[in-house]
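Notes to accompany the following structure.
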Amino acid sequence: MSKAKKIAAIVSVCVVLLAAVYAVVYAYVFIPVTYDGSDTNVVELYNNPQDYDTSDPDGVADIIVKENLDKTMAVNNVSAVVFDWRGFDTLGESFILLTAIAGSFVILGVHKKKTSGKEDKE
């Protein structure tokens, strides 16, 4: 690898890392938290989801807590969100991940060379 390619790779990685740090700081400072879940009694919610007081959550959390058991028949809210509510999204993300891995192998040239069956004679 030439010196210019190494420098370009280092600069591009630094740019991506700086963009990621900027995005995290921006999200932390400027985007308000709507619901932090600090008042949620997880044990009570797990043991008795139908009688749990759902007056505190707002937005999507309110819908998930109130309607999860009726709509998905799943007791675990996290599993219901990942596999029932966002099932196609999760499937799409898995497909993109596998495509990226396959593309990386193709680009990096990690494959076996085909041999013609004849040995080179010197």
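Report the Cα centroid-to-centroid distance between the range 63-82 and the range 11-26 in angstrom, as an integer.
35 Å
Subtract the Cα-Cα distance of residue 41 and residue 9 from 0.36 nm times their separation in residues, and report this length gain in nm to one decimal.
Numbers: separation 32, 0.36 × 32 = 11.52 nm, distance 4.79 nm.
Here the answer is 6.7 nm.
Rounded to whole Hz and in sequence order, give me ³J(HN,Hα) for the range 96-101 from the Karplus expression 6.51 cos²θ - 1.76 cosθ + 1.60, θ = phi - 60°, writing x for Gly and Pro.
Once θ is set to phi - 60°, the couplings for the range 96-101 become 5, 4, 5, 5, 5, 5 Hz.
Rule-based calculations on the coordinates, nothing more; no lab input. Source: prediction; values computed, not measured.
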